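The values are calculated or read from the model by the stated rules, or taken from the named source; none is laboratory data. Treat the numbers as computed from the prediction; the structure is a model and nothing was measured. Reconstructed Cβ throughout: ideal geometry from the backbone, glycine too, with neighbour counts over all protein chains shown. Quick note on the areas: whole protein, heavy atoms, side chains included, nothing else; ligands and nucleic acids left out. Shrake-Rupley method; radii C 1.70, N 1.55, O 1.52, S 1.80 Å.
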Amino acid sequence: YIINHSDDLTETQKEIIKYNKSLGDQKKLQISISQAQFLQSLIKMSNTKKILEIGSFTGFSALSMATALPPEGQLISLDKNHEYSEKAKKFYEKANNKKIKQIIKPALESLNDLQVSSEIFDLIFIDADKENYIKYYNISMNLITQGGIIIIDNVLWHGEVVDKSNDDKLTNIIRDFNKHIKNDIRVTKNIIPVGDGLTICIKK
C-alpha cells in the first residue's frame, strides 16, 4: 500500500529489483523500496549535491539517490565486488545517469584515499560489511560537511538487536555500533524504522 501510494519507480529501478530477486539470498543486500524513496526525499529536502555511498551491490540505492540529485550533483560509489559493480554500471548506463562515479576496491582503502584528497560530501550512506561499520562511520565524520548527513542501514538488524537471548556475532556488532552512535556528541541522531532501520546523523 505504501509503495503503491508513493512515486512510481523508474523502469531501470524496476529492472534492478527484478534482477536482484534472481540472486536468491543475496537479494537481501538491496535496500527496500521505501528506503530508496525516503533517501530521495531527504536528498531533495536537504539540497544535497555530493553523495558518498559505501556499499553499492547492484546499484539500486546509488541510482535511486543519484536520480534525486540536481543536474550538477555527483555520487561516488564504493564497492569491492567487481561482478556486482559491473552489473551496476550497466544499469547506470541504461538509465543514462552520468552522475555516478564507481571506485571498485576495499572501502577502507578508498575512504583513506578520499581523506588524503580532502574530499567533502553533503551526504554519506553506509550499507556495507557490518564488521567495519564503526571504522566507516569514524572516517566518514572526516569527510562530511558541517550540517551534513550520515545515514546507516540495517541498524535494527531484523529486530534482533532487541532480543536479549540473541548473542550472535553480527547482532552484537550492530548493538555496539548503535551504542557508538548514541554516545557520539558530534552528531544529532535518530533511528527511523524504515526497511531494516536507518540511523540519521547530522554533524553539528
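Would you mind stating whether ILE104 is touching a residue at least 24 places away in the same chain (Cβ under 8 Å) and within 20 Å of THR10 (Cα to Cα)? Criteria not met by ILE104. So the check is Cβ under 7 Å with 6+ separation or different chains; which pairs have a first residue in the stretch 12-25 that's among the polar types (S, T, N, Q) and a second one that's assigned to a helix (DSSP H, G or I) and open to solvent by 60 Å² or more (accessible area, probe 1.4 Å)? As it stands, the answer is THR12/LYS94; ASN20/LYS27, since those pairs meet every condition given. Scanning the stretch 74-87 for residues that are out of contact with any strand residue (DSSP E or B) (no Cβ under 7 Å at 6 or more places or on another chain) and open to solvent by less than 70 Å² (accessible area, probe 1.4 Å) yields a total of 3. Quick one: in the stretch 1-51, of everything that is among the hydroxyl-bearing types (Ser, Thr, Tyr) and assigned to a helix (DSSP H, G or I), which residue is surrounded by the most Cβ atoms within 10 Å (Cβ to Cβ)? The residue in question is THR12. Residue count for the stretch 183-198 satisfying the condition of being in contact with a helix residue (DSSP H, G or I) (Cβ under 6 Å, 6 or more places away or on another chain) and closer than 18 Å to ILE43 by Cβ: 2.
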